[in-house]
Amino acid sequence: MRLNKPIILLFACLTVGQAFAADSAESIEARATRWLTNRLTVAAWQGLVDKWDDSKAEMTAPIENLSLPVDQYPDGRKRIVLLARRAQILSKSLIFAESVRLEMLSPEGKSEGVVLAEDCLLDQSTKRGYCRGLVDVTKGADHIKGRGMMFAADDKFIKILSESEIRTKRIPSRVGRLP
């Protein structure tokens, strides 16, 4: 059975629209379109991908043990914190970091998850990042690792690019078995 693209997009817009309706004054259609666009294309990260080699070469005077808030809740509390063994601030918003740890925090300040990456190029203005090396994401009982990653803090989105391994307890043990 083959579905037309508009039908799939309409279903996705409705589903995503329902998910975001409660936490945004932005229209459901606009939020769903932005959500789908950010996930279906690499274009949103292309600027970071293109700047990768130059940014790594610019790392001539790194800061040791950098700790920097990446995102915050509306009340000002930290939501995501970047911890890096070595980092270079390249411009007003661009940071290249090695041995990265991204801490995801709850509104109460408790750890909700951790992202570990060999290296990362982060744009603070868009709250997007791109990593090329090994990455490891842990959130609750879920654990994902692989090579290469794109993430967007505003959209709560992480995409592992290759060699993905997923470990979770959310899949029931009876999936795929006959009754």
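Derivation of every value follows stated rules applied to the coordinates shown; laboratory data play no part. From a predicted model like this one, the values you see are computed outputs, not experimental measurements. Cβ coordinates were reconstructed from backbone atoms using ideal geometry, including for glycine residues, and neighbour counts include every protein chain displayed.
Please give me the summed charge of the neighbours of Arg85: other residues whose Cβ is under 14 Å from its Cβ, Lys and Arg +1, Asp and Glu -1.
-2
Neighbouring Cβ atoms within 10 Å as the yardstick, rank Val81, Val135 fewest first.
Val81, Val135
At a Förster radius of 30 Å, what calculated FRET efficiency corresponds to the Cβ-Cβ distance of Lys156 and Ser99, to the nearest 0.05?
E between Lys156 and Ser99, to the nearest 0.05, is 0.80.
Determine, for each peptide in 60-71, 90-101, 152-163, the mean count of other beta carbons within 10 angstrom over its residues, then list the peptides with the highest first.
90-101, 152-163, 60-71
Lys92 to Met59: extension gain in nm, 0.36 nm per residue of separation minus the Cα-Cα distance?
Extra length available between Lys92 and Met59 comes to 10.4 nm.
With a 10 Å Cβ neighbour count serving as the proxy for reagent exposure, in which order, fewest first, do Ser55, Ser164 appear?
In increasing order of surrounding Cβ atoms, one gets Ser164, Ser55.
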